[in-house]
Amino acid sequence: MNIMLVEDSPTLQQQISNDIKSAGHAITVVSNGETAVQLMELSGADLIICDVEMPGLDGYETVSIIREYLGEQWVPIIFITKRGRLEDFIAGFEAGADDYLVKPVIKQILHAKLRVMERFILMQQQLNEARNTPEEATKFDKLTHVYSSDHFFDLAMLHWSILSRQMQPASLLIIDIDYFESYQEYYAEQASLNCLKSVAKAIMASVHRPGDFVGRITEDDFILMLPDTDEEGAAKVAERICLAVEALNIEHKSSRVLGVVSVSIGVATSINLKTFNLDKNIQAASHALQRASDGKGNCFETVKLTSMTTSGI
């Protein structure tokens, strides 16, 4: 990878540069946010590692500007900080960071995070190539451009097997458009197709990691897999989806809940993937969806193994 390091401390510049080079990556070092923004516009980078506290533009401001410049293009960004409070991490993620390194930076942890980000970048590249290859077209739903049902489950089985060996958690979300059959009857075919495309786009926009993937499993049901994600992380994604669909503000006069198009989401998280296999997780998510469907619209319910909690917005 071509990595940009944004760090004003010469000592940390030297240390982190050496650690990155020892992992086999190329590195460009800049000492302030202004230069980082200019360099991204000129030559780009595969990954950015950015200090939070810097003179001039701080890390939050720098990353926000870079994210705005990149638009829909995803480049992973890791913050470096000596701050360890929860509110600091939240502020960083809201600014556009994907991960954190806490000072002092430990070489082994840095290398582990680089391997994860490299895997995400590769998956993103493969996904982009697949979308543009004619023979791969059957892997995607023609209307919504998310994965087809068959290909989604092929990928899910593969990821489940890998995560099981690595003893990592995984979460599945099943997303249903509330009262979609009545929407079709009231608004006719073209409006229904437009609705499906808009909801699919809202779901995709709510998923920030390229390692997460979405499929369409029935006419109005979508499924989302979140590898290496616990119940708290999955609930945050479910909440983002609810808010994104609510923001669409698509009229739905025949809805029994909000008067606009809404969704219900069932969320299931497995910590021990060897005990709770993919089929069991799908069943748990389906049961959670049934309970969420009794709600007020744009609601979700979560299940962790055999314990259940109700959530919503």
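Where both bridge residues fall in the chain, DSSP classifies roughly 55% of the beta bridges as antiparallel. Helical content of the chain, expressed as a calculated mean residue ellipticity at 222 nm, amounts to -15500 deg cm²/dmol (DSSP H runs of 4 or more residues, -39,500 (n - 2.57) each, divided by residue number, nearest 500).
Please give the FRET efficiency for Tyr69 paired with Lys236, using the beta carbon to beta carbon distance and R0 = 41 Å, rounded to the nearest 0.05. The pair Tyr69/Lys236 has a calculated efficiency of 0.95.
Of the residues Asn249, Thr269, Leu70, the one whose Cα sits farthest toward the positive end of the charge dipole of the chain, with +1 on the Cβ of Lys and Arg and -1 on the Cβ of Asp and Glu, is Thr269.
Indicate the gyration tensor shape class of the range 2-122 (rounded, prolate or oblate), computed on the Cα atoms with a ≥ b ≥ c the square roots of the eigenvalues: a/c under 1.5 is rounded; otherwise a/b larger than b/c is prolate and the rest oblate. Rounded, since a/c falls under 1.5. Rounded to the nearest 10 degrees, the inclination of helix 231-248 to the longest alpha-carbon principal axis of the chain is 70 degrees. A simple spin-label model places pseudo-atoms 7 Å from Cα toward Cβ; at Lys201 and Ser9 they are separated by 4.4 nm. With the simple model of a label 7 Å out from the Cα in the direction of the Cβ, Arg83 to Leu243 spans 1.9 nm.
Highest mean packing comes first when the peptides 95-106, 257-268, 227-238 are listed by Cβ atoms within 10 Å, giving 257-268, 227-238, 95-106.
What FRET efficiency comes out for Val102 versus Asp294 if R0 is 45 angstrom and r is the Cβ-Cβ distance? Round to the nearest 0.05. Mind dumping the intermediate values first?
Numbers: r = 43 Å, r/R0 = 0.95.
FRET efficiency, Val102 to Asp294: 0.60.
Extension gain for Leu258 to Glu61 (0.36 nm times residue separation, less C-alpha to C-alpha distance): 67.2 nm.
Applying 1/(1 + (r/R0)^6) with R0 = 51 Å to the Cβ-Cβ distance of Asn18 and Ser182 gives a FRET efficiency near 0.25.
Counting Lys and Arg as +1 and Asp and Glu as -1, each charge on the Cβ, what is the dipole of the range 135-312 about the Cα centre in debye, to the nearest 20? Working shown, then result.
Working: 16 positive and 24 negative charges, 81 e Å.
Here the size comes out at about 380 debye.
Label-to-label distance for Ala26 and Gln166 is 2.6 nm, based on points extended 7 Å past Cα in the beta-carbon direction.
Structure note, pairs Lys139/Lys304; Lys21/Lys107; Lys113/Lys236: Cα-Cα distances above 20 angstrom occur for Lys139/Lys304; Lys113/Lys236.
Average 1/r across all pairs of distinct alpha carbons in the range 135-312, invert it, and you get the Kirkwood radius: 16.1 Å. Taken along its three principal axes, the alpha carbon spread of the chain comes to 65, 44, 41 Å, from the longest extent down to the shortest.
Any idea what angle helix 33-42 forms with the longest principal axis of the chain, computed on alpha-carbon atoms, 0 to 90 degrees, nearest 10? In the chain, helix 33-42 runs at an angle near 70 degrees to the longest axis. Net charge dipole, the range 1-135: roughly 580 debye, given to the nearest 20, about the Cα centre with Cβ charges of +1 for Lys and Arg and -1 for Asp and Glu.
For the range 191-216, list residues with backbone N below 19 Å from a point placed 7 Å from the Cα of Asp150 toward its Cβ? Under 19 Å, as judged by backbone N against the label point of Asp150, lie 214-216 of the range 191-216.
Read-outs throughout are calculated quantities, based only on the coordinates presented, and are distinct from any laboratory measurement. Computed from a predicted structure; not experimentally measured. Glycine gets a Cβ as well: all are built from the backbone with ideal geometry, and neighbour counts include every protein chain shown.
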